[in-house]
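The values are calculated or read from the model by the stated rules, or taken from the named source; none is laboratory data. All of these numbers come straight from a predicted model, not from anything done at the bench. The protein model used for the area step is the full one, side chains on, heavy atoms only, and it has no ligands, DNA or RNA in it. Shrake-Rupley method; radii C 1.70, N 1.55, O 1.52, S 1.80 Å.
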Amino acid sequence: MAEGLIAGLVVFVLASFVGFEVINKVPPTLHTPLMSGSNAISGIAVIGALLIAGDREWNVTVILGLIAIILATINVVGGFLVTDRMLQMFKKKEVKA
């Protein structure tokens, strides 16, 4: 179990560094499409967390799965709200006659 945990932590740390470097290289005009893509990835994380948290026995994995469900759901909902608000800024306003 300790070997799997260490391997998971190594993957998490490496993914964090790669993600940080990739996000820093993206120009500001592409942040909205990137945010939409990250919302889709968070949706996948919600499904994975649901599968992990669906076990009937309470243990650390189930608790971490529940925390992942809550955080990923907040990320998905907040991301869609921000994306929708940004897309509203690009719509043409109707001129009142």
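Results, tabulated for the structure shown:
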quantity: Some residue of the range 4-22 being open to solvent by 80 Å² or more (accessible area, probe 1.4 Å) and either assigned to a loop (DSSP other than H, G, I, E, B) or on the phi > 0 side of the Ramachandran plot (or both); calculated: no
quantity: Number of the condition not met by Ala53 [criteria: (1) among the small types (Gly, Ala, Ser); (2) open to solvent by less than 50 Å² (accessible area, probe 1.4 Å); (3) closer than 24 Å to Gly19 by Cα]; calculated: (3)
quantity: Selection count where residues are modelled with pLDDT under 80 and open to solvent by 80 Å² or more (accessible area, probe 1.4 Å), scope the range 23-32; calculated: 5
